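Novice: This structure is in structure tokens; I'll ask about it shortly.
The values are calculated or read from the model by the stated rules, or taken from the named source; none is laboratory data. On a predicted model such as this, the values are computed, not experimentally measured, just so you know. Every residue, glycine among them, receives a Cβ derived from its backbone with ideal geometry; neighbour counts consider all protein chains shown. With ligands, DNA and RNA removed, areas are computed over all heavy atoms of the protein, side chains included. Shrake-Rupley method; radii C 1.70, N 1.55, O 1.52, S 1.80 Å.
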Amino acid sequence: MDFTEAYKQTGPCCFSPNARYVAVAVDYRLVIRDTLSFKVVQLFSCLDKISYIEWALDSEYILCGLYKRPMIQAWSLSQPEWTCKIDEGPAGIAYARWSPDSRHILTTSDFQLRLTVWSLVNTACVHVQWPKHASKGISFTKDGKFAAICTRRDCKDYINLLSCYTWEIMGTFAVDTLDLADIEWSPDDSAIVIWDSPLEYKVLIYSPDGRFLFKYQAYESGLGVKTVSWSPSGQFLAVGSYDQMLRVLNHLTWKTFAEFMHLSNVRAPCCPAVFKEVDEPLHLDMSELCLSDEFLQGNSDVAEGHRVRYEVTEVPITLPFQKPLADKPNPKQGIGLMSWSSDSQYICTRNDSMPTALWIWDIHHLELAAILVQKDPIRAAAWDPTCTRLVLCTGSCHLYMWTPSGAYCVSNPLPQFSITDLKWNSDGSCLLLKDKESFCCAAVPLLPESSEYSSDD
């Protein structure tokens with residue numbers, strides 16, 4: 001892997017949907033770099049510090065959320081002189097997002113008083129009263145024709161279906177939730193999934209015309225749903241719960257066909273590949289070598305006399321477990337991280353009670369394929385959008401990768417660079433790696449069909 005140099009950032013960073021650019025917030029400046037040369041192609045100055053950035057789907061426009069002011073500014077890459085500023089006045093702005101046509105911006109006011117659709121074409125605006133959430137509770141169909149917006153009035157949750165062409169409300173129906181948490185269209189736009197707050201285990205499936213299709217409730221007492229995710233194929237719906245279980249529903253009958261438990265003691269008949277991160281001391285005689293300080297700073301593993309690699313172990317194995325505190329809200333337990341591979345064959349999960357372990361499940365064979373046991377809690381994990389390759393980070397200077405052929409560690413050569421977050425670009429050729437105050441990118445080689453990686457660094 002080839003790494004770029006480190007560049008400054010003070011907030012959000014993200015690739016454009018067409019994978020040609022990377023946008024970086026540096027205080028009040030928005031820096032646009034080319035992903036091939038990493039030269040600055042545009043530089044925009046905002047009126048305040050940038051809290052949030054989001055690309056339009058056509059990669060032509062980009063918006064910046066200045067939530068301290070509060071205000072939204074939008075910019076055009078092809079027309080740098082063009083600018084847009086949205087200010088809701090006393091109502092404020094809690095969140096902003098693009099519509100699928102890249103020509104409208106949706107903003108949610110403070111205290112969820114209203115949602116406003118702003119047109120960049122004719123400066124018209126449409127209001128939807130009482131949105132349920134600021135950053136959640138809105139989902140668009142994959143073809144970009146319709147939007148489902150959650151609202152709440154008279155102590156009851158509703159779904160409003162809007163046309164993304166006219167922004168007129170096509171229909172409204174009430175949903176059987178106590179306190180709706182979020183909503184998501186299925187990848188084929190044939191169904192809408194809605195789930196309740198953690199206080200009530202309830203997953204509801206509705207048709208786009210408001211017909212109730214199915215209710216799923218795994219249990220009644222205890223904290224309920226924590227994460228929900230459709231598979232890219234639309235055939236499976238994964239539900240992660242506070243009871244440390246992953247349940248997978250099929251899209252034909254909406255019945256559960258797989259239940260995966262996350263136990264701290266893994267033993268037969270379960271036989272996954274277990275990759276454990278270990279420090280391996282380097283037995284090198286460097287007494288007669290004269291190494292510069294710059295070399296040692298850029299090669300911390302050599303300077304400390306060790307390297308990181310994966311050690312393959314067998315079951316039974318006991319994973320580090322943290323008992324959640326009973327006297328604090330939002331306990332660190334249950335499936336807090338969940339992500340599907342691009343081919344829908346694998347899904348990775350992290351049980352927040354065991355933050356150093358990443359579980360990889362094979363949906364085709366309904367079995368646990370692998371467990372990655374790290375030294376530090378897992379910060380982020382993301383699948384390659386083009387092949388079956390998983391990358392994760394733990395806040396160390398290393399990247400960790402898994403494929404069905406094995407797992408391996410990659411050292412970041414940049415000095416004092418701790419990887420706290422990562423993102424793929426859309427074509428799978430590049431990774432964006434974030435440190436606390438800087439970022440870099442890594443060019444990722446294509447994955448051969450019959451790849452055999454060792455667990456060495």
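Novice: Find, among the chymotrypsin sites (Phe, Trp or Tyr not before Pro) in the range 1-62, those assigned to loop by DSSP (not H, G, I, E, B) with at most 16 other beta-carbon atoms within 10 angstrom.
Specialist: Filter output for the range 1-62: 28, 38.
Novice: Can you tell me the relative contact order of the range 1-72? Whole percent, Cα pairs under 8 Å, sequence separation 6 or more.
Specialist: Worked out over the range 1-72, it gives 23 percent.
Novice: Mind listing which trypsin sites (Lys or Arg not before Pro) in the range 210-286 are in a DSSP loop and have 11 or fewer other Cβ atoms within 10 Å?
Specialist: When the trypsin sites (Lys or Arg not before Pro) of the range 210-286 are filtered for loop state and at most 11 Cβ neighbours within 10 Å, 211, 255, 267 remain.
Novice: To the nearest 0.05, how large is the calculated FRET efficiency for residue 60 and residue 271 if R₀ is 35 Å and r is the Cβ-Cβ distance?
Specialist: That pair, residue 60 with residue 271, gives E of 0.10.
Novice: Now for a separate question. Spin-label point model (7 Å from Cα, Cβ direction): what's the residue 446 to residue 306 distance in nm?
Specialist: Those two pseudo-labels are separated by 3.9 nm.
Novice: Residue 154 accessible area, nearest 10 Å², 1.4 Å probe?
Specialist: Rounded to the nearest 10, the figure is 140 Å².
Novice: Moving on. Given a 1.4 Å probe and the protein chains all in place, what does the accessible area of residue 446 round to, in Å² to the nearest 10?
Specialist: Here the residue's solvent-accessible area equals roughly 150 Å².
Novice: When the helices in the chain are scored as -39500 (n - 2.57) per DSSP H run of 4 or longer and the sum is shared across all residues, what 222 nm value do you end up with, to the nearest 500 deg cm²/dmol?
Specialist: The helix contribution divided over the chain gives -500 deg cm²/dmol.
Novice: Suppose the chain between residue 362 and residue 155 were pulled fully straight at 0.36 nm per residue; how much longer would it get relative to their current alpha carbon spacing?
Specialist: Extending this stretch completely gives an extra 70.4 nm.
Novice: So between residue 172 and residue 217, what do we pick up on full extension, going 0.36 nm a residue minus the alpha carbon distance?
Specialist: 13.8 nm
Novice: A follow-up question, please. Would you calculate the separation in nanometres between label points at residue 1 and residue 314, each defined as 7 Å from the Cα along the Cα-to-beta-carbon direction?
Specialist: With each label placed 7 Å out from Cα toward Cβ, I get 3.1 nm.
Novice: Suppose each label sits 7 Å from its Cα in the direction of the beta carbon; what would the residue 259-residue 405 distance come out to in nanometres?
Specialist: 3.8
Novice: Fully extended, how many nm does the chain gain between residue 200 and residue 163 (0.36 nm per residue separation, minus their Cα-Cα distance)?
Specialist: Gain on extension, residue 200 to residue 163, equals 10.2 nm.
Novice: Right, next: Please report how many Lys pairs in the range 328-457 have alpha carbons closer than 22 angstrom, counting only residues at least 8 apart along the chain or sitting on separate chains.
Specialist: Lysine pair count for the range 328-457: 6.
Novice: Quick one: compute the contact order of the chain, relative version, from alpha carbon pairs under 8 angstrom and 6+ residues apart, as a percent.
Specialist: 10 percent.
Novice: Less than 18 Å from a label point 7 Å out along the Cα-to-Cβ axis of residue 78: which backbone N atoms in the range 120-159 qualify, by residue?
Specialist: Taking a point 7 Å out along Cα→Cβ of residue 78, the residues of the range 120-159 whose backbone N falls under 18 Å are 120-122.
Novice: Whole number in Å², please: accessible area per residue of the range 118-182, 1.4 Å probe, ligands, DNA and RNA not counted.
Specialist: Counting only protein heavy atoms, the per-residue value for the range 118-182 is 51 Å².
Novice: Using modelled backbone amide H atoms (1.01 Å from N, in-plane), which distant-in-sequence or interchain residues come within less than 5 Å of residue 376's amide H?
Specialist: Residues meeting the criterion, in which the H sits 1.01 Å from N, do not exist here.
Novice: Please compute the Kirkwood hydrodynamic radius of the range 198-251 from all pairs of different C-alpha atoms, in Å with one decimal.
Specialist: One decimal place: 11.9 Å for the Kirkwood radius.
Novice: Computing the accessible area with a 1.4 Å probe over protein heavy atoms, can you report the carbon and sulfur percentage for the chain?
Specialist: Answer for the chain is 51 percent, counting heavy atoms of protein chains only.
Novice: Continuing with this model, one more query. Can you list which of the GluC sites (Glu not before Pro) found in the range 146-238 are DSSP loop residues with at most 15 other C-beta atoms within 10 Å?
Specialist: Within the range 146-238, the qualifying GluC sites (Glu not before Pro) (loop, at most 15 other Cβ atoms within 10 Å) are 168, 220.
Novice: Given a 1.4 angstrom probe, what's the average accessible area per residue across the range 1-83, in square angstrom?
Specialist: Counting only protein heavy atoms, the per-residue value for the range 1-83 is 45 Å².
Novice: Efficiency by 1/(1 + (r/R0)^6): what FRET value for residue 416 and residue 343, r their Cβ-Cβ distance, R0 = 30 Å, to the nearest 0.05?
Specialist: 0.20
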